[in-house]
Amino acid sequence: MGFSTKFGLRSSDKSGILLDTNLNERGTPNMVTYMIPCLLGLEKLVADEVKRLGLQGVQAENGRILCRGTAADCARLNINLRCGARVMMVLGQFPARSFEELFQGVRAIPWEDYLPRDAAFPVKGYAISSQLHAVSACQSIIKKAMVERMKAAYGLEQFPETGVKYQVRFSIFKDEAAICLDTSGEGLYKRGYRAVGVEAPLRETLAAALVTLSRYRGQDPFCDPFCGSGTIPIEAALIAKNRAPGLDRSFAAQRWKNMDSKLWLEAGDEAMDKEFHGHYDIWGGDIDPAAVELARHNAELAGVEDCIRFEVADAGKFHRDSEYGQLVTNPPYGERLLEKKEAEDLYRMFGAALRDLPPKWRVLVLSSHTEFERCFGRPADKKRKLYNGMIKCDAFMYGR
């Protein structure tokens, strides 16, 4: 299926200000502030991704990246980002120490430039370390302020909200509010290739981050002995081919009235022009035959089945003769899939098997088990704190 078909694009009205693709009075494209939330520990990886896409003013903060770009960059970010959680357009940032400040700050945003009169505009968000801590109350205040602004602009008393969805997201951190529109819709980890998964799956964005941390670029043999539903090998294949992860899905902003459909087509064409076409040695193994079959199915959906070999295999007997390679894996932690002692026994067997790997192999193992290094049989050369969902983990790196 072609790119333009997958996106379901449609023509649009470019009458708005924020999303206007025309030039401003200085003859340059109007600039937008984007906020990209991410898992804690991935900030630098996401910031590097954004810089490679050429956006300006890239700033990494705890759990998010801020940057400046044009409306065209909305499509480019959504289609190309591997490790970010979603792409949000910042409409306003202001102090919010009281409900009155929150109301006035939201009301000052020209919502009529972004939302048509029939728009659906649900509100979600969070408040941390702030005087305003009741999320439901903040949601109500924001919604009320939006309606008051739009009443004056559209001359309506009520809004049907029967049209296209414009998800409003807010954050209030240390009494500073940020009001955004979510351009992604579903999180960016939903690439479109995994409808179902085995128990305790790894999110695609974190899998891509692990592969990136391993410095895999497609030249070396790549292995995952605990592949489960195949997420890590599939993300490795996408990275090896330099295939943009968002080509096979749609995004919320494609349906917005002020977003020109050609921006998405151009971003997709640009991404596809950068793809590599080579031969790659990527292998995934799992002791569960059902998981291996599912992994093969997911690889087909991702269009990388020709790049990966999946096999039923015991990780405790893993062996490779090639002089060099990279192993990236996410074994069971003990909290969810195995009892703690069973997990420790598994780590011991796995660690013993890897002692026979040639010295030029690099290994990265994600685990939340506090005794992983002891059970594995040797301390990591390097560790990096990450989160798998709400589970605090470490990426244990060997052979740096």
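Observations on the model:
- Cα centroid of region 287-314 to Cα centroid of region 378-400, whole Å: 25
- What you get for region 42-167, charging only the Cβ of Lys and Arg (+1) and of Asp and Glu (-1), is a dipole of about 280 debye around the Cα centre.
- A full extension of the chain between GLN104 and GLN56 corresponds to an added length of 14.3 nm, given 0.36 nm per residue minus the alpha carbon distance.
- Residue-normalised accessible area of the chain, given per residue in Å² at a 1.4 Å probe: 45
- For region 159-176, putting each phi into the Karplus relation 6.51 cos²θ - 1.76 cosθ + 1.60 with θ = phi - 60° gives couplings of 10, x, 6, 9, x, 5, 7, 10, 6, 8, 10, 10, 9, 10, 10, 6, 6, 10 Hz, in residue order, rounded to whole numbers and with x for Gly and Pro.
- The chain: angle of helix 231-240 to the longest principal axis, Cα-based, in degrees nearest 10: 80
- Beyond 28 Å in Cα-Cα separation lie the following of the pairs LYS190/LYS257; LYS190/LYS340; LYS190/LYS360; LYS143/LYS385: LYS190/LYS340; LYS190/LYS360; LYS143/LYS385.
- Two-site label geometry, SER140 and GLU311: point separation in nm, points 7 Å out along Cα→Cβ: 6.2
- Gaussian network model of the chain, springs between alpha carbon atoms under 10 Å - residue of LEU181, LEU357, LEU327 with greatest fluctuation: LEU357
- Region 65-121 - Rg over Rh from alpha carbon coordinates, Kirkwood radius: 1.04
- Dipole magnitude of region 243-306, debye to nearest 20 (Cβ charges: Lys/Arg +1, Asp/Glu -1, about Cα centre): 480
- Alpha carbon convex hull of region 120-216, projected area averaged over orientations, nm²: 10.0
- Residue list for region 57-82, given a label point 7 angstrom along the Cα-to-Cβ vector of LEU40 and an amide N cut-off under 19 Å: 60-66
- By the Kirkwood approach, averaging reciprocal distances over each pair of separate Cα atoms, the chain gets a hydrodynamic radius of 22.7 Å.
- For region 207-247, the set of trypsin sites (Lys or Arg not before Pro) satisfying both a DSSP loop assignment and a count of at most 12 other C-beta atoms within 10 Å is given as ARG215.
- Nearest-0.05 FRET efficiency for ALA120 and HIS277, computed from C-beta distance (R0 51 Å): 0.75
- Candidates THR231, THR212, THR329: whichever shows maximal mean-square fluctuation once the chain is modelled as a Gaussian network with Cα springs under 10 Å: THR212
- For region 203-212, the Karplus equation 6.51 cos²θ - 1.76 cosθ + 1.60, evaluated at θ = phi - 60°, returns couplings of 5, 4, 5, 6, 4, 4, 5, 4, 5, 5 Hz by residue, with Gly and Pro reported as x.
- Distance (nanometres) between label positions extended 7 Å along Cα→Cβ at ASP345 and ASN30: 6.4
- Efficiency of FRET from Cβ geometry, ASP356 and ALA153, R₀ 60 Å, rounded to 0.05: 0.30
- Taking the chain as a Gaussian network of alpha-carbon nodes connected by springs under 10 Å, the highest mean-square fluctuation of the residues MET259, MET88, MET349 belongs to MET349.
- Which of LEU202, LEU102, TYR126, positive extreme of dipole for the chain (C-beta unit charges): LEU102
- Sequence-ordered 3J(HN,Hα) estimates for region 99-109 from the Karplus curve with 6.51, -1.76 and 1.60 and θ = phi - 60° stand at 5, 5, 4, 5, 4, 5, x, 5, 5, 6, 6 Hz, glycine and proline given as x.
- Fully extended contour minus Cα-Cα distance, from MET390 to THR162, at 0.36 nm per residue: 78.6 nm
- Element breakdown for region 108-228 at a 1.4 angstrom probe: carbon and sulfur atoms account for 50% of the accessible area.
- Annotation note: GluC sites (Glu not before Pro) in region 308-382 located in DSSP loop regions with a Cβ neighbour count of at most 11 within 10 Å are GLU323, GLU339.
- Along the axis of the charge dipole computed for region 289-344 (Cβ charges of +1 for Lys and Arg, -1 for Asp and Glu, origin at the Cα centre), the listed residues ASN330, CYS307, LEU294 are led at the positive end by ASN330.
- Selection from SER367, LEU40, ALA267, by position along the positive dipole direction of the chain (Cβ): LEU40
- Average Cα contact separation per residue, the chain, under 8 Å, 6 or more apart, as relative contact order %: 16
- The dipole here belongs to the chain: it is taken about the Cα centre, uses +1 on the Cβ of Lys and Arg and -1 on the Cβ of Asp and Glu, and is about 760 debye.
The values are calculated or read from the model by the stated rules, or taken from the named source; none is laboratory data. Predicted model only: the values in this text are computed from it and were never measured. Cβ sites come from the backbone with ideal geometry, for glycine too, and all protein chains shown count toward neighbours. Side chains are part of the model used for accessible areas, which takes the heavy atoms of the whole protein and leaves out ligands, DNA and RNA. Shrake-Rupley method; radii C 1.70, N 1.55, O 1.52, S 1.80 Å.
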